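Scroll down for the structure; my scribbles are underneath it.
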Amino acid sequence: MAAVEFETVIGLEVHAQLVTKSKVFCSCPAVYGGEPNAQTCPVCLGLPGALPVLNEEAVSMAILMGLATGCRIAPRSVFARKNYFYPDCPKNYQISMYDKPLCEEGRLEFELDGEIHGVALERIHLEEDAGKLIHAEEGGSLVDFNRCGVPLIEIVSKPEIRSPEEASRYLVSLRQVLRYLGICDGNMEEGSLRCDVNISLRRPGEPLGTKTEIKNLNSFKAVEMGIRFEIERQAGVLRSGGRIEQVTNLWDSGQKKLLTMRSKEYAHDYRYFPEPDLLPLDVDGAWIEKMRGALPELPLAREKRFREKYNLPAYDAGVLCAERGLADYYETVVSAGSDPKLAAHWVMREILEEIKSGAESEGASAPAMRAVESSVSDAFAFRAPVAAGRLAELIALVSGGVISNSAGREIFKEMVRTAESPDTIREKLNLTQVSGAKELEQWVADVIAESPDEVARYRGGKTQLLGFFVGQVMKKSAGKANPKLAGEIVKKMLEG
Ligand SMILES: [Zn+2]
């Protein structure tokens, strides 16, 4: 292998919108969507004399994320003014945290290529979101202040990420943890999860190089592609003996390329100072312990438990634990008496397939619908097409030999359509598995009579054709034959 020419050093700053009922410093609703500028008041419009009041729920959610990532929760943190002028920010400053953040020194662990990776977190702090500019096609720009004052946490990693793939995995698992905690819906398209990337290159052994920033990365794919482009660009400059300028690049998702924007501000350009309208934020031990008690089992631990307790392959455990609601559903099926492996099979194949095909047929109108109806509980709900108890009943019918596997799949489709019990459907569709020797023997005899070539090859030693015969019997019986018994009869008739 060739020596590494450059080492890549990547740090991520992730902004996550918290799903509180109201905004972080006023009582306006914090939900997405809604008539432009309808969810505003003097505080979030920055009118003179209006004073912020801190939302306790937002602090609790930030503490929860801090605890989930092993951060130290500061007993006292301080809000600070970050001054900048931009039309999306009516106060001309954003209330954020600067040198005394709420959470410090954490770590996020995730799996990449079968190994556990850990990325250290520098800090997690609480701040307010800005409004949204809408650039009208007919010229001019409009501003919607509904988003102004929606609570954000900013999660800042240390520059420990070494590749585009690792950056993307880090972000996927950060999103997963946020959703497990139920504090951010992680919707990158709607901007409730946003990611800025810092990148620098260095020759091995040399000090850190000048870093550049990429903003506007609105999907996991954009994060990977943007980083890859920027690595190539910086390597090109360095190879030709040039110097890296400190710039901000914007990711253009339409053209899939980076646009270099402006030289980056330094922290001192923001003239941070402690926010005079808010007291320091004191968090006592009781508050922290209360939030610790509210921590759910986190994805990585849950995956490990699924592998060990249910004896599932790593892949299956990963799929089933991708969402907390899905993992809960799976465990409800198992606790209703289903064999864990069979339950995994049915949930991953039938349930997830059904959800996927349902989402596809809903089509392009789905996001708009969601915007109107969006509410906190909606964002995290796992809507199973079939109740867990009912799926367990179906699995019991299959594993007990009452119905065949293929009849089970047919009944499943009918359960989704009618919400009837599997037993009712089995009777209605007459799908009880046939295990009677007389009927099975007739089907097998018919198949043998219709397949002289296969019979000759089977008798000539090609016994793998057993599956073919059983398949034909299943077809002839409309899925009702007991495949195991049918196989035994085929053997007996062809070999006896
Ligand atoms: Zn307001």
Among P75, P36, P42, which is over 30 Å from the mean Cα position of the chain (by Cα), within 16 Å of the ligand (Cβ to nearest atom), surrounded by fewer than 20 Cβ atoms within 10 Å (Cβ to Cβ) and not hydrophobic (A, V, I, L, M, F, W, C)? P42
Checking the structure you have, find out if any residue of the stretch 173-187 is in the same structural domain as Y93 (by TED's automatic domain parsing) and more than 21 Å from C321 (Cα to Cα). no
Identify, from the list V31, V24, V59, the residue that is within 15 Å of the ligand (Cβ to nearest atom), at pLDDT 95 or above and not in a strand (DSSP E or B). V24
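This table checks each residue for (1) within 16 Å of the ligand (Cβ to nearest atom); (2) at pLDDT 95 or above.
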| site | (1), (2) |
| --- | --- |
| V143 | yes, no |
| G149 | yes, yes |
| I155 | no, yes |
| E165 | no, no |
| G186 | no, no |
| E189 | no, no |
| C195 | no, no |
| E206 | no, no |
Output the number of residues of the stretch 471-496 satisfying the condition of being buried (at least 21 other Cβ atoms within 10 Å of the Cβ), assigned to a helix (DSSP H, G or I) and either without any contact (Cβ under 8 Å) to a residue 24 or more places away in the chain or small (G, A, S) (or both). 1
Residue in the stretch 100-123 that is farthest from the chain's Cα centre (by Cα), counting only those that are assigned to a loop (DSSP other than H, G, I, E, B) and at pLDDT 95 or above: K100
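The values are calculated or read from the model by the stated rules, or taken from the named source; none is laboratory data. The structure displayed is predicted, hence computed values, not measured ones. Glycine gets a Cβ as well: all are built from the backbone with ideal geometry, and neighbour counts include every protein chain shown.
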